[in-house]
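The values are calculated or read from the model by the stated rules, or taken from the named source; none is laboratory data. This is a predicted model, so every value here is computed, not measured. For neighbour counting, all protein chains shown are included, and Cβ atoms are generated from backbone atoms with ideal geometry for every residue, glycine included. We work out accessible area using only protein heavy atoms, side chains counted, and drop any ligands, DNA or RNA first. Shrake-Rupley method; radii C 1.70, N 1.55, O 1.52, S 1.80 Å.
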Amino acid sequence: MKKNSLIEYLAYLLARFFGAIVTLSPQRMNLAIGRFIGSAGYYLLKKKRRIAVKNLKIAFPRRAYGQLEQ
């Protein structure tokens, strides 16, 4: 098995594992985990957020900055 295909297969297994966990977990817990991951991404990926807001300003020039940040 090639190195790339092994990595892809392991990523596939990891995604299936987390998918099974989400399926078996209560909805309230899944929502809490999703909020945590979303908040962490919001604060940790500032550069990507700035790029996204810049792209939204180009796509929607009449929108207020606050609306784009949401």
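How about region 45-54: which of its residues are within 30 Å of G19 (Cβ to Cβ) and either part of a helix (DSSP H, G or I) or touching a residue at least 40 places away in the same chain (Cβ under 8 Å) (or both)?
Answer for region 45-54, where residues must be within 30 Å of G19 (Cβ to Cβ) and either part of a helix (DSSP H, G or I) or touching a residue at least 40 places away in the same chain (Cβ under 8 Å) (or both): K46, K47, K48, R49, I51, A52.
How many residues does region 30-44 hold that are under 12 Å from the mean Cα position of the chain (by Cα), within 23 Å of G19 (Cβ to Cβ) and open to solvent by 50 Å² or more (accessible area, probe 1.4 Å)?
The total comes to 5.
Of all the residues that make up region 56-70, how many are surrounded by 11 or more Cβ atoms within 10 Å (Cβ to Cβ) and either assigned to a helix (DSSP H, G or I) or at pLDDT below 75 (or both)?
Final tally of qualifying residues: 4.
Inside region 1-11, can you point out the residues that are more than 20 Å from I37 (Cβ to Cβ) and either charged (D, E, K, R) or surrounded by 10 or more Cβ atoms within 10 Å (Cβ to Cβ) (or both)?
Result: K2, K3, L6, I7, E8, Y9, L10.
Taking the stated definitions as given, is R16 in a helix (DSSP H, G or I) and either acidic (D, E) or free of Cβ contacts under 8 Å to residues at least 60 places away in the same chain (or both)?
On the way: in a helix (DSSP H, G or I): yes; either acidic (D, E) or free of Cβ contacts under 8 Å to residues at least 60 places away in the same chain (or both): yes.
Taking the combined requirement at face value, the residue satisfies it.
Mind checking which residues of region 1-29 are among the aromatic types (F, W, Y) and under 16 Å from the mean Cα position of the chain (by Cα)?
Correct list: F18 only.
Suppose we filter V22, V53 for residues that are open to solvent by less than 100 Å² (accessible area, probe 1.4 Å) and touching an Asp or Glu at 6+ places or on another chain (Cβ under 7 Å); which single one remains? Don't jump to the end; show me each part of the working.
Values: V22 fails: touching an Asp or Glu at 6+ places or on another chain (Cβ under 7 Å).
Result: V53 is the single residue among V22, V53 that is open to solvent by less than 100 Å² (accessible area, probe 1.4 Å) and touching an Asp or Glu at 6+ places or on another chain (Cβ under 7 Å).
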